[in-house]
Each structure stands twice: as structure tokens, then as C-alpha cells.
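Take a look at the structure below.
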Amino acid sequence: MNNEKRFRLALLDLDGTLWRDGVVIPGAPAFVERLRRQGVQPVFFTNNSSRTPDEVVAVLAKCAIQAAANEVCTTAQAAAHVLQQRLYKGASVMYVGRDGVRTALLEADFMVRRAQGDALGEAWLQDVDAVVVGMDQRVTYLDLAVVARVIARLGWFVLTNPDVRLPVEDGFLPGNGAQGALLSTATGVSPIVTGKPDPSFIDFALQRYQVSREETVIIGDNLYTDILAGQQASVHSIMVRSGVVFPPADDAPIPDETVDSVDVLFRNEAVN
């Protein structure tokens, strides 16, 4: 890594970058501490909208990585920020998702309701001002039918991240992007996306932490989310080989740097 480069903010992907399948990547805890010693703010920057910041902190702690809730930046928080730009305080928001989405919306002072299939035909559906769609393995066909009705009326909705597949040991599961594609196909409405690779997620972090693009680096294992987001947002990107592996492709995003893992990064202990 170019030791002459000075960063103030490091946007850190989680799975595949700091841990892999729940097991800490060797050297990751020491890497985070090196960032702190060098005056670089670590931000745990995740497309996963399911967990609250406190829950992310708890998972990091199991990996011996110390973090505070205000150092976690999730797509659920970014979605709530989008709604704050478009709606009034106390507006009614319907959501698909877990506690991460619900908590982010409540902290943004919205009135929230989880999408439920038994609400079909209820009068209050006409009063819903916005819809946020995050990953939730509990969602049912009728839940999504309710959401589709509201989206069709509103003409817009927010999708916390566009990941169409969730990798698992023996293959993949449909991701939030697949769920969003179902709703988009059914309603003819394209979503506002808040997660990587959309550059708006990085813009949200830059605004939240009051740091410029030139002072920011994004570090991750996924060319098509982490690295593409950095490329589109014009921030320095570092690819780590510790997670997702993609076959060579001519159109693949090109990171500014590529390393084996975070263990080799920020080895210069000089304080900014």
C-alpha cells in the first residue's frame, strides 16, 4: 500500500473481509487497531440490513474486533436517511425486514409497520407514505402482495441492497435483490437502492462522518459490490482476496489495489 496516501475514513466490508462464515480472518483485529492508531476512522460498512448496529458490534466482538455502534453503517440506516429527505417527521412507513430496518426507521422518527399479509383490504394501507424492502427470510407471498399494492399506489420504494444471491456453503439462497426484482416486476416500479454498489451508500457515509472522497478508502472482497461502489463514488478501493472469488472477466471493476487480506494493510505506524 502507498504509505504516502493519507486516509481519515476506512469503509470496511464485513463478510469475506473481516470474517468469513463467522470465523475471524487472521490479522483482522490487529488491522482495525492499526487504523485507530494511525488516526483512521474504521466504519463497519455493510449491505446487511437485518442486524442493528448493536448486533453488528456484538458479532464483531466475537471476532475480537472492538467497535462502537456509531462506527457501524448499514443500508437500513441509509434507507431511513433517504426517507428523511422525502417525507415529513412521523410519516407512516411499511417495511419488509428484520430488527435492523425497524430500528433504523424508528430512530429516524417514522411510524413503522411490518408488512403482513392479513392487512390486505385494511383501510390504513391507504395512509402508508413509503415502503422499505430489506431481507427477511420470514416473508410470505401475502406479505409481498400487500407491499406490491402499496408500491403500485406510491410509484416508488426503497430497496436496502440489490444482492440477488446470498452465498452459502453448498450454493446460494435468493437475496434481497431477488425479492426486490419480484416486486419491481409485479408493479412496474424500479426501486431506489441504498446498498453497494450504488454510490449513494458511500455518499451517505461521507456525509455522516464529514470526510471527503479523497480522504476515504473502501476495503472489500467483492468486485461487483465493494470495488464497483468505490469506483462509482470516486474513492480509493482495495480488494482483498480473503472472500468471494470471481472468474476473470473483461468487464470486471478494477480496484486501485489488491492484497491477500487486511493483515498486510496499514503497516506504517506513523500517526497522521
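Within segment 48-74, the residues that satisfy the criterion of being among the small types (Gly, Ala, Ser) and either within 12 Å of the chain's Cα centre (by Cα) or in the same structural domain as LEU35 (by TED's automatic domain parsing) (or both) are SER49, SER50.
Within the option set GLN77, GLN41, being modelled with pLDDT of 95 or more, surrounded by fewer than 19 Cβ atoms within 10 Å (Cβ to Cβ) and within 25 Å of LEU223 (Cα to Cα) holds for one residue only, GLN41.
Looking across segment 44-55, just one residue is crowded, with 22+ Cβ neighbours inside 10 Å and in a helix (DSSP H, G or I), and that is PRO53.
One residue alone among SER200, SER237 is closer than 22 Å to GLN38 by Cβ and hydroxyl-bearing (Ser, Thr, Tyr), and that residue is SER237.
The residues of segment 222-234 that are surrounded by 13 or more Cβ atoms within 10 Å (Cβ to Cβ) and either among the hydroxyl-bearing types (Ser, Thr, Tyr) or not in a loop (DSSP other than H, G, I, E, B) (or both), listed by number, are LEU223, TYR224, THR225, ASP226, ILE227, LEU228, ALA229, GLY230, GLN231, GLN232, ALA233. Taking first residues from segment 4-33 that are within 18 Å of THR74 (Cβ to Cβ) and partners that are of a type in the set (Lys, Arg) and crowded, with 21+ Cβ neighbours inside 10 Å, the Cβ contacts under 9 Å between residues at least 6 apart in sequence or on separate chains come to ASP13/LYS196. Only one entry of LEU183, LEU173 meets the criterion of being under 23 Å from ARG98 (Cα atoms) and in a strand (DSSP E or B), and that entry is LEU173. On the basis of being crowded, with 20+ Cβ neighbours inside 10 Å, among the β-branched types (Val, Ile, Thr) and over 20 Å from the mean Cα position of the chain (by Cα), does VAL158 make the cut? Criteria not met by VAL158.
For ALA148, the conditions (1) free of Cβ contacts under 8 Å to residues at least 40 places away in the same chain; (2) not assigned by TED's automatic domain parsing to the domain that holds ARG114 are fulfilled apart from (2). Search segment 90-149 for residues being of a type in the set (Val, Ile, Thr) and more than 13 Å from ALA79 (Cα to Cα), and hand back the single one that is surrounded by the most Cβ atoms within 10 Å (Cβ to Cβ). Among those residues, the one meeting the criterion is VAL147. For the residues SER237, SER242, SER200, the requirement of being of a type in the set (Ser, Thr, Tyr), part of a loop (DSSP other than H, G, I, E, B), in contact with a helix residue (DSSP H, G or I) (Cβ under 8 Å, 6 or more places away or on another chain) and not assigned by TED's automatic domain parsing to the domain that holds VAL132 singles out SER242. Being in contact with a Gly (Cβ under 8 Å, 6 or more places away or on another chain), assigned to a helix (DSSP H, G or I) and of a type in the set (A, V, I, L, M) holds for only one residue in ALA58, ALA76, ALA80, and it is ALA76. The test for being part of a loop (DSSP other than H, G, I, E, B), without any contact (Cβ under 8 Å) to a residue 40 or more places away in the chain and β-branched (Val, Ile, Thr) holds for VAL189. Yes or no: segment 22-36 includes at least one residue that is outside any strand (DSSP E or B), closer than 30 Å to ALA130 by Cα, touching a strand residue (DSSP E or B) at 6+ places or on another chain (Cβ under 8 Å) and modelled with pLDDT of 95 or more. No, segment 22-36 contains no residue that is outside any strand (DSSP E or B), closer than 30 Å to ALA130 by Cα, touching a strand residue (DSSP E or B) at 6+ places or on another chain (Cβ under 8 Å) and modelled with pLDDT of 95 or more.
The values are calculated or read from the model by the stated rules, or taken from the named source; none is laboratory data. Quick caveat, the model's predicted, so the values are computed rather than measured. When we count neighbours, we look across all protein chains shown, and the Cβ atoms used for this are built from the backbone with ideal geometry, even at glycine.
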